[in-house]
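Values quoted throughout were computed directly from the atomic coordinates according to the rules given, and no laboratory measurement underlies them. Predicted, not measured: the structure shown is a model, and the values here were computed from it. Ideal geometry is used to build each Cβ from the backbone, glycine not excepted, and the neighbour counts take in all protein chains shown.
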Amino acid sequence: WQWPAGHKLTWTVRPDIRVAGFTANDLKEIFKQTWDLWDKISGISIQHVNSPSDANILILSRPIDGPFSILAEAELPPPGIPKTAQLRLWLDEGERWVNALNAPPQAIDVFRVALHEGGHNLGLGHQTDPTIPAIMAPAISSLRSLQSWDVNQVQLRYGIEKPADPIPSPDGDEFAEILEQLAKCLKALSPSSKTTVREL
């Protein structure tokens, strides 16, 4: 349950998302913070894109079951998922959402839920042992950061270090400039040059 090795995972918030009290741009900033946390500690690169058609993870909303109970839903990557696949993450339109370290009664902190559901989109299931703290616990808690269990699980799937980007090939203009510089160097070392080479 993971994306292919070396894949650059992309995500976006669909512009027509309906979460009371938040614009699509508000949610984009919140999800960027949560995706950055997963990106920072694992070997998978996670990047925002503007176009929904280019995103591996599409963040949406829909009525699920009203206040409390199921807060959000996210699809897990099945075995053998292609790099072009698109999974979805839905926030429940029936919740009273806030972005707060200490959410008031009857309100749900969207940051915690976004961080949790992102773990599902990366392939993590629930951590069901109540004695082990984890953002991937099945019930929302006071946690607002990844715990050791979460980190270990994502690193088992994607490693720790990002794959190195390939060195880009120079385009035509850059290549011509490289040749020109090389020609100047060779000319400077030619016998007709005033430069002398002394042996030590």
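General observations
- Gain upon complete extension [ALA100, ASN25; 0.36 nm per residue less C-alpha separation]: 25.3 nm
- Computed from label points 7 Å out along Cα-Cβ, the spacing between LEU143 and HIS48 is 2.5 nm.
- Sites GLU93 and ASP36 - FRET efficiency at Förster radius 22 Å, r taken between beta-carbons, to 0.05: 0.30
- P(r) weight above 17 Å for the stretch 1-127, C-alpha pairs, percent: 55
- Between the stretch 108-127 and the stretch 38-105, the C-alpha centres lie 7 angstrom from each other.
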